[in-house]
Amino acid sequence: MTKKIKLLLSVFLVIVMTSCYYDNAEDLYPVIPDCDTTNVTFGNDIMPIINTNCTGCHSGSAPSANIRLSNYSEIVASANNGGLMGSIKHESGWSPMPKNGNKLGDCTIKKLDTWIAEGTPNN
Ligand code: HEC
């Protein structure tokens, strides 16, 4: 094997090996102590989170921003257009929610993320 091929091979190997670095699960999904997301359901987790933090303003006949979050289909609609997590995670381009309140806790946000990643089941 010529030196040139060896060099090319090692460069190639380095690229292959380093390209996987950011796929580390713990970097992508940091572990939150005491946060159990193994059994997140709409009824036991998601609806209570929204009821506690959001429906005070986003329900009834004149909901804030004309966004109602009082049942499954309304919450799914907001999840699907990005507004739900954009506002809860305080992402740029979205009004931070809950309005004038504290940002939801990491574990609460992770449960919402988990439910959405699982395909927003109505369970
Ligand atoms: C105290 C009232 C209040 C609470 C509580 C509240 N919101 Fe809002 N929300 C508003 C108002 C008012 C707006 C209109 C935009 C603004 O004034 O910032 C809004 C806008 C939004 C929007 C649209 C944001 C955009 O940039 O298009 C979303 C999505 C939203 N709220 C979701 C939520 C969620 C999810 C919660 C619970 C975590 C929540 N809101 C809690 C009052 C509230």
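The values are calculated or read from the model by the stated rules, or taken from the named source; none is laboratory data. Keep in mind it's a predicted model, so treat the numbers as computed, not measured. Cβ sites come from the backbone with ideal geometry, for glycine too, and all protein chains shown count toward neighbours. Surface areas here come from the heavy atoms of the whole protein model, side chains and all, with no ligands, DNA or RNA. Shrake-Rupley method; radii C 1.70, N 1.55, O 1.52, S 1.80 Å.
Using the Kirkwood formula over every pair of different C-alpha atoms, what hydrodynamic radius in Å results for the chain?
The answer is 17.0 Å.
With helices defined as uninterrupted DSSP H runs, which ones in the chain have an alpha carbon span along their own long axis of at least 18 Å and mean Kyte-Doolittle hydropathy of at least -0.5?
3-19
Put a dot 7 Å past each Cα toward the Cβ at Asn81 and Ser61; how far apart are the dots in nm?
2.3 nm
Sorting Asp106, Asp45, Asp34, Asp113 by accessible area (1.4 Å probe), largest first, what list results?
Putting Asp106, Asp45, Asp34, Asp113 in descending order of accessible area: Asp34, Asp106, Asp113, Asp45.
What's log10 of I(q)/I(0) for segment 46-102 at q = 0.15 Å⁻¹, Debye sum over Cα points only, no solvent?
Listed by q, the Debye log ratios stand at -0.37.
Multiplying the sequence separation of Asn122 and Ser10 by 0.36 nm and subtracting their Cα-Cα distance, what value in nm do you get?
Computed gain between Asn122 and Ser10 is 35.3 nm.
Measure off, as a whole percent, the carbon and sulfur share of the 1.4 Å-probe accessible area of the chain, all protein chains present.
Of all accessible area on the chain, carbon and sulfur atoms account for 56 percent.
Note down the magnitude of the dipole of the chain about its Cα centre, charges +1 on Lys and Arg C-beta and -1 on Asp and Glu C-beta and zero elsewhere, to the nearest 20 debye.
Approximately 540 debye in magnitude.
Order the following by accessible area, largest value first: Leu112, Leu7. Probe radius 1.4 Å; ligands, DNA and RNA are ignored.
Largest accessible area first, the list is Leu7, Leu112.
Given a 1.4 Å probe, how much area per residue of segment 33-117 is accessible, in Å²?
Here the per-residue accessible area is 57 Å².
Checking the cross-link filter: which lysines have an alpha carbon closer than 27 Å to that of Lys110, excluding same-chain neighbours under 8 positions apart?
Here the lysines satisfying the reach criterion relative to Lys110 are Lys89, Lys99.
Helix-derived [θ] at 222 nm for the chain: sum -39500 (n - 2.57) over DSSP H runs of at least 4, divide by residue count, nearest 500?
Computed ellipticity for the chain at 222 nm equals -12500 deg cm²/dmol.
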